[in-house]
Amino acid sequence: MAESRKNKVIVVGCGPGLKAYMSPKAMYHIKKAEILVGSRRLLKLFPGVDAEKVVLEKNYSVLTQKIAEWSRSKQVVVLVSGDPCFFSYTRMIVRKMGREHCTIIPGISSIQLAFAAAGESWDDACFISLHGRNNEYEHLVKKVREYNKVAILTDHKNTPAVIARHLLKHGVQKRQMFICKNLSLPEESVLETDLASATNMNSGGSAVVIIKNTNHEVR
């Protein structure tokens, strides 16, 4: 027998970091929340929301169980960055709750903003996350060789310089690199460069990197 729940868990995509990029429907559900779950950065976006606020840190499994328990009697809204269905905590929530007990409100991902900032289409691109991952470089090299465009989510260890060095080390040449940081924020920057130049760059923190084949042919 299915568990009795007062409401579905609402998972809201908060976009790239600026509230102006969030949809009215997302804002509506956030204002109706009784329990609001999210990172400290996302929770700070909504100081006026009258809900119990729960910080999401590294406690993913424990918090997923609590969300299931809270949803039996209260309206739980979970905030995630970017789009909920793109490299997100949403997967764990849906697996635990069941899709029939979840409503997902899409958001604008940093990938979308990066391609817009670079003036490039993204319907023909491949997407990889190196955020918090250190064993994906063999996969990255393979995809960069297969696709004309590859978009990469980075972190403070897997920087554009490190990515460029790995690609050059494995014989990847003639690629254009767009390094997109702080997208949507006042300090937004988009740098267009090549792999060799990128190896000497000092760009820490998270960024979206787009690798484009300047030969315009798949290898």
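The values are calculated or read from the model by the stated rules, or taken from the named source; none is laboratory data. Remember, predicted model here, so these are calculated numbers, not experimental data. In this analysis, Cβ positions are derived from the backbone assuming ideal geometry, glycine residues included, and neighbour counts consider all displayed protein chains. Calculation scope for accessible area: heavy atoms of the full protein, side chains included, ligands and nucleic acids excluded. Shrake-Rupley method; radii C 1.70, N 1.55, O 1.52, S 1.80 Å.
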Can you tell me the alpha carbon radius of gyration of segment 1-106 divided by the globular rule-of-thumb value 2.2 N^0.38 Å?
0.97
Note down the nm distance, to one decimal, between modelled labels 7 Å out along Cα→Cβ at Glu34 and at Leu168.
5.8
If you find the alpha carbon centre of segment 46-81 and of segment 121-176, how far apart are they in angstrom?
33
Extension length gain for Val49 and Glu138 (0.36 nm per residue less Cα distance), in nm, is 27.6 nm
Glu120 versus Met92, label points 7 Å from Cα toward the beta carbon: distance in nm?
3.1
Sites Arg72 and Thr214, calculated FRET efficiency, Cβ-Cβ separation with R0 45 Å, nearest 0.05
0.25
Report, to two decimal places, the Cα Rg of the chain normalised by 2.2 N^0.38 Å (N = number of residues).
1.13
With n ≥ 4 as the cut-off for DSSP H runs, can you work out [θ] at 222 nm for the chain, using -39500 (n - 2.57) per run divided by the number of residues, rounded to the nearest 500?
-8000 deg cm²/dmol
When only DSSP loop residues count, what GluC sites (Glu not before Pro) in segment 5-89 have their Cβ near at most 12 other Cβ atoms within 10 Å?
Glu57
Arrange the peptides 160-168, 130-138, 189-197 so that the one whose residues have, on average, the most other Cβ atoms within 10 Å appears first.
160-168, 189-197, 130-138
So the carbon and sulfur contribution to the accessible area of the chain, 1.4 Å probe, in percent, is 50
Result for the chain: accessible area per residue, probe 1.4 angstrom, in square angstrom, of 53
Enter the angle in degrees (range 0 to 90, nearest 10) between the Cα long axis of helix 60-70 and the first principal axis of the Cα atoms of the chain, meaning the one along which they spread out most.
30
Sort 20-31, 109-120 by packing, meaning the average of other beta carbons within 10 Å per residue, with the highest value first.
109-120, 20-31
Output needed for segment 150-201: three equivalent-ellipsoid semi-axes, defined as square roots of 5 times the C-alpha gyration tensor eigenvalues, in descending order, whole Å.
21, 11, 9
